Amino acid sequence: MVLRKWGLLLSSILLALIFASMAIIPPAPQSGTIAADRFSSARAMTDLRIIAAKPHPTGSDENAKVREYLSMRLDSLGLKVNLGEGELGERALKRLNKWSGENKSEQAIFNVIGILPGTDVSKPAVLLMAHHDTVWDSPGAADDTVGIVSILEIVRALKESGPHERGLIVLFTDGEEVGLSGARHFFSSNPLRDKVGAVINFEARGGGGTANLFQTSKQNGAAMRVFAKAVKQPSASSLSTFVYNVLPNDTDLTPALEGDYTAYNIANIGGAEYYHSPKIEVEALDERTLQHMGSQGLDLTRALLAADTLPDKKPDATFFDVFGLATIIYAPFWGWIFLGLAGLCYGLSLKGEIRTKEILSGAVKMLIFFGLGGGLLYGLNVMSGSGAGANYYDRLAAIRKLEGLAVFFCAAAFFAVFGPKALTVNARLGAALPLFLLGIVGQAFAPTATYFISLPLMLCGFKSLMMQRWPSHIGTKLAVVILTAGVAGYMIALGHLLMLGIGPDLLSVSILPAALAALVILPLYEGVKKKTAYFLAMTALLVSAAIALWVRLDPIAATIPLY
Ligand SMILES: [Zn+2]
């Protein structure tokens, strides 16, 4: 029996790692020989090699060359091209002068705009946007050439299936890196803005990773249903959109969101050391990232062009992709039902034998795992050099090490708290209680962000019920492996994304997915000898502390920007 349970645990963990890697690793690049109406990263790379050959910040000669190339490319794709000329504002100019060391009193900016009229001019157009300027000294193979060449390849593929009733507008903005200048100029003064109904912006944060839908216009229910239906290799979540909205970040989509457009923002996140880096040359970019951005962008644009009417404002939806395979979407109130079902399943799995002491001990254990774990992670992060005085980009470059730190620490916490003894069904219910509480608070105040608690709790409850009622049924074993792997795999992928997004500042955040992963693993965990558990916990803790010191003491990363 013991062997069998360890077997179930190990196969669940193995499957969880497979699920997680499906979510974390972008899809394979597509060669130039695939069907002409599909997105090919190989075709897009041809443009990328030319555009990202050298740094091309606003106002530079290289930027002028890139603009000329982009005008030529849009023209060759059959679009009507014009330049939207504006001026850098005072703050943006100050930033540019600081970079260049010059003292310019004015600087013109040029958006490159391409128009592909639809057959029905009464229909509002779809606008695809990316910025053509880079930060100082960075060739910008990712930020934002990956967005620019995605759009060029999307337009080419769309023309294969055209003509379309709805028009398409391409906007390559200038001056994004000095303060969203080109986008502000377009959305405040270009008459074309009134022809636009939907906007998709493409951005980059790092040289690799998946491309994720991370921001939408308000009241995204209908807009996200279009995305969920159309996009075949999705990476999206209403947790990301929630987290992004509370962070003080901006992209070219910010000025668009002040208008009344249906809007989507897609950016890759990964290879964080290459964000704004002088080293992000063509060879450093992960081509799979480009494929992922482009294929999602093409699916979404095609769906919007084909839509009879563009999606209007409907109440916000809860949504997330299941390991890059499909997007699940539902109304947020379902979270309450999931929490209710979770409670019901956990309750029924007790079979009427309620042991308060065991429930309490389980609850205390989870609280310690969560509270003390989060606190210690905070301390380890300080030890690793986070906080005032830290170089932002050096911290980004340390994300892989910090992830290792978090993994070892969470393992240490697990063995220290849950290590010595398997939890009874009552104790496991107790361990779920703090997460229930968190789920209820989350569901009340941030319902679209709380699916990652309510849904796993329901699955954990369901699993607990099956294991108690039909312990030896083959269906139970199969379901247990799939449910455990599903929840644990999602938590690994989520932890990775959270680390990339906010990890260097807020390492403690990783305790949240770890707690849910621990909860789903507990029913399969048999316990080890006390001595062994504490030995494992201590060793893992020491390794995590050593990594923290390593991050603190290692030389500053060679990839950091020089400005
Ligand atoms: Zn950018």
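What follows draws every value from the coordinates through simple rules; no lab data is involved. None of the values given here were measured: they were computed from a predicted structure. Using ideal geometry, Cβ is built from the backbone for each residue, glycine included, and neighbour counts are taken over all protein chains shown.
Between Lys530 and Leu341, the simple spin-label model (points 7 angstrom out along Cα→Cβ) gives 4.1 nm. Among the lysines, which have Cα under 18 Å from the Cα of Lys421 when same-chain residues fewer than 8 positions away are ignored? Here the lysines satisfying the reach criterion relative to Lys421 are Lys5, Lys357, Lys365, Lys529, Lys530, Lys531. Decide, for segment 81-161, between rounded, prolate and oblate: order the square roots of the alpha carbon gyration tensor eigenvalues as a ≥ b ≥ c, take rounded if a/c falls under 1.5, and otherwise choose prolate if a/b is larger than b/c, else oblate. Oblate, since a/c reaches 1.5 and b/c is not below a/b.
Once the Cα-Cα distance is subtracted from the 0.36 nm per residue extended length, the Ala42 to Glu90 segment shows a gain of 13.3 nm.
Positive-end ranking of Ala267, Pro471, Gly430 along the dipole of the chain, with charges on Cβ about the Cα centre, is headed by Pro471. Among Ala326, Pro555, Gly419, pick out the residue whose Cα is farthest towards the positive end of the charge dipole of the chain, where Lys and Arg carry +1 and Asp and Glu carry -1 on C-beta, about the Cα centre. Farthest towards the positive end: Gly419.
Computed over every Cα-Cα pair of segment 220-366 and binned at 5 Å starting from 0, the pair-distance distribution P(r) comes out as 2, 7, 12, 16, 16, 12, 10, 8, 7, 6, 4, 2, 0 percent.
Computed from Cα atoms, the angle from the helix 474-502 axis to the main principal axis of the chain rounds to 50 degrees. If R0 equals 22 Å, the separation of the Cβ atoms of Asn245 and Ala306 corresponds to a calculated FRET efficiency of about 0.15. Give the separation of the Cα centroids, segment 150-201 to segment 466-524, in Å. Going from one Cα centre to the other spans 40 Å. Local charge for Ser60 was computed over the other residues whose Cβ lies under 10 Å away, with Lys and Arg +1 and Asp and Glu -1, and equals -1.
Note on the chain: dipole from Cβ charges, positive end direction compared against Thr119, Ser361, Leu10; the farthest Cα belongs to Ser361. Here the label points at Thr539 and Leu360, each 7 Å from Cα along the C-beta direction, are separated by 3.6 nm in the simple model. The string of couplings for segment 250-263 from the Karplus curve (6.51, -1.76, 1.60, θ = phi - 60°) is 9, 9, 4, 6, 3, x, 5, 5, 6, x, 9, 8, 7, 9 Hz, one whole number per residue in order, with x for Gly and Pro. Our coupling estimate for segment 299-310, obtained by passing each phi through the Karplus curve with A = 6.51, B = -1.76, C = 1.60 and θ = phi - 60°, is 4, 5, 4, 4, 5, 5, 5, 7, 5, 4, 10, 6 Hz, Gly and Pro reported as x. Listed by chain and number, the aspartates and glutamates whose alpha-carbon sits under 15 Å from that of Lys279, ignoring those within fewer than 8 places in the same chain, are Asp137, Asp143, Asp144, Asp394.
Cβ-Cβ distance of Ala446 and Ile50, R₀ of 35 Å, FRET efficiency by 1/(1 + (r/R0)^6): the value works out to about 0.20. Using only side-chain charges placed at the Cβ, +1 for Lys and Arg and -1 for Asp and Glu, the dipole size of the chain relative to its Cα centre rounds to 2700 debye.
At full extension, Ser105 and Thr33 could sit 21.0 nm farther apart than now, given 0.36 nm per residue minus the alpha carbon distance. Normalising by residue count, the chain has a Cα convex hull of 148 Å³ per residue. For the pair Leu478 and Ala388, label points projected 7 Å from Cα toward Cβ lie 6.0 nm apart. Its Cα gyration tensor gives segment 26-330 an equivalent ellipsoid, and the semi-axes of that ellipsoid, as √(5λ) in whole Å with the largest first, are 27, 21, 20. Placing unit charges on the Cβ atoms only, positive for Lys and Arg and negative for Asp and Glu, gives segment 301-363 a dipole magnitude near 180 debye about its Cα centre. Between segment 51-124 and segment 230-265, the C-alpha centres lie 23 angstrom from each other. State the Cα centre-to-centre distance between segment 306-377 and segment 378-393 in whole Å. Cα centres, segment 306-377 to segment 378-393: 31 Å.
Across segment 26-330, C-alpha contacts under 8 Å between residues 6 or more apart give a mean separation that, scaled by the residue count, equals a relative contact order of 24 percent.
With everything on Cα atoms, drop me the angle between helix 530-553 and the longest principal axis of the chain, reported from 0 to 90° to the nearest 10. So the inclination is approximately 20 degrees.
The protection proxy used here, the mean number of other Cβ atoms lying within 10 Å of each residue, ranks peptides 122-134, 198-210, 104-116 as follows, highest first: 198-210, 122-134, 104-116. Dipole size of segment 26-330 about its Cα centre, with +1 on Lys/Arg Cβ and -1 on Asp/Glu Cβ: approximately 600 debye, rounded to the nearest 20.
Along segment 341-352 the Karplus relation, 6.51 cos²θ - 1.76 cosθ + 1.60 evaluated at θ = phi - 60°, assigns HN-Hα couplings of 5, 4, x, 4, 4, 4, x, 5, 6, 6, 6, x Hz to successive residues, with x for each Gly and Pro. Helix 373-383 and the long axis of the chain differ in direction by around 50°, with both axes built from C-alpha atoms.
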